[in-house]
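See structure below.
The values are calculated or read from the model by the stated rules, or taken from the named source; none is laboratory data. Computed from a prediction, not measured in an experiment: that's the story for all the values here. Every residue, glycine among them, receives a Cβ derived from its backbone with ideal geometry; neighbour counts consider all protein chains shown. SASA here: full protein model, heavy atoms, side chains in, ligands and nucleic acids out. Shrake-Rupley method; radii C 1.70, N 1.55, O 1.52, S 1.80 Å.
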Amino acid sequence: MFKNEFDKILKNSGIKRAFGYSFYFKNYIFDGINLKNKKLLDLGGGNGIASFYAHHVEKSCKCTIVDPYEDGSHTLMNSQYEKLSNLYNKAVTLHNDYIDTLPESNTFDLILMHNSVNHIGEDIIADMDTNKKSQIEYAIRLGKIINRAEKGATIIVADCSSKNLWNDLNIKNILAPTIDWDLHKRPSVWQKILKDLGCEHVSTKWTARRELLFFGKFLLANRLVSYMTNSSFVSIYKKI
């Protein structure tokens, strides 16, 4: 099954259900993105799978994971990062703290928020649509991240939309039972916030489960099917 080298490396590093990651990153997250000589900020990157993929396909891409997770509560995640780091000669840096503690000189021309854009304001995001104070506070937090982006930098936001059939019917989504829909927003919400922070929306595309490979990409990765499943999307922005 694991014909792809990167997927094999993930499996050997203790990543469960490693099949399809290479396809997913190539065809969804980094599709059309030039990684050559880029400085990548992987915000909330955890074990760093996305960063290790970027370095795997383009050795000149310098990747920094910023994630304040505590070692004690994320032993497995940290262990996976260490295994991958050793395999890739410690080429991917982990900053195990908040972005505020990075040196001010650390700026990036590629920022990835992969299933982490909502974690920036998990304590305030549920009422962000109606609470002006929460909107301002969230924009301040996200602004600290966008300030790390060079002019012309690419911003990638991957998450799931709250606009979902199951959520609209107010019933549990059997295809994504662990998702707390109150902690997610539609792509248009992020688009407005990022526009106010000086970023231009380039594109938004819907994604399918990575294990489905080409079948998922060409038949299921569209707005309608996504609405009926888990509403996963990838939005690309440019800092202007």
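Identify the single condition in (1) under 20 Å from the mean Cα position of the chain (by Cα); (2) over 23 Å from LEU194 (Cα atoms); (3) surrounded by fewer than 18 Cβ atoms within 10 Å (Cβ to Cβ) that ILE171 does not satisfy, given that it satisfies every other one.
For ILE171, the exception is condition (1).
Which residue is farthest from ASN12 (Cα to Cα), if the candidates are limited to the stretch 77-93 and must be in contact (Cβ under 8 Å) with a residue 40 or more places away in the chain and open to solvent by 40 Å² or more (accessible area, probe 1.4 Å)? It would help to see each step written out before you state the result.
Within the stretch 77-93, the subset in contact (Cβ under 8 Å) with a residue 40 or more places away in the chain is 79-80, 83-84, 87, 92.
Still in the running and open to solvent by 40 Å² or more (accessible area, probe 1.4 Å): 79, 83, 87.
Working: SER79: 12, LYS83: 9, LEU87: 10 Å.
Of everything passing the filter in the stretch 77-93, SER79 is farthest from ASN12 (Cα to Cα).
Looking at the stretch 21-44, which of its residues are out of contact with any Leu (no Cβ under 6 Å at 6 or more places or on another chain) and open to solvent by less than 20 Å² (accessible area, probe 1.4 Å)?
SER22, PHE25, TYR28, ILE29, PHE30, LEU35, LEU41, LEU43
From the set of residues in the stretch 201-223 that are farther than 10 Å from PHE23 by Cα and among the hydrophobic types (A, V, I, L, M, F, W, C), which is most open to solvent (accessible area, probe 1.4 Å)?
PHE218
So, restricting to helices (runs of 4 or more DSSP H) that lie completely within the stretch 1-116, which ones have at least 1 residues that are closer than 27 Å to LEU183 by Cα?
Working: elements: 5-12, 21-24, 49-57, 75-87.
So the answer is 21-24, 49-57, 75-87.
What residue, of PHE6, PHE25, PHE30, is among the aromatic types (Phe, Trp, Tyr), under 22 Å from GLU150 (Cα atoms) and touching a residue at least 12 places away in the same chain (Cβ under 8 Å)?
On the way: PHE6 fails: under 22 Å from GLU150 (Cα atoms); PHE25 fails: under 22 Å from GLU150 (Cα atoms).
Result: PHE30 is the single residue among PHE6, PHE25, PHE30 that is among the aromatic types (Phe, Trp, Tyr), under 22 Å from GLU150 (Cα atoms) and touching a residue at least 12 places away in the same chain (Cβ under 8 Å).
Go through the stretch 142-165 residue by residue and tally those that are free of Cβ contacts under 8 Å to residues at least 60 places away in the same chain and surrounded by 17 or more Cβ atoms within 10 Å (Cβ to Cβ).
Start the filter on the stretch 142-165 by keeping residues that are free of Cβ contacts under 8 Å to residues at least 60 places away in the same chain, which leaves 142-144, 147.
Those still in the list that are surrounded by 17 or more Cβ atoms within 10 Å (Cβ to Cβ) too: 142.
So the answer is 1.
Restricting attention to helices (runs of 4 or more DSSP H) lying wholly within the stretch 117-199, give those where 2 or more residues are within 23 Å of PHE30 (Cβ to Cβ). Give the derivation first.
Details: elements: 132-146, 165-168, 187-196.
Hits in the stretch 117-199: 132-146, 187-196.
Are any residues in the stretch 51-76 touching a Phe, Trp or Tyr at 6+ places or on another chain (Cβ under 7 Å) and either open to solvent by 60 Å² or more (accessible area, probe 1.4 Å) or among the hydroxyl-bearing types (Ser, Thr, Tyr) (or both), and if so, which ones? It would help to see each step written out before you state the result.
Quick first cut of the stretch 51-76, residues touching a Phe, Trp or Tyr at 6+ places or on another chain (Cβ under 7 Å) only: 52-56, 68.
Hit for the stretch 51-76 is TYR53, nothing else.
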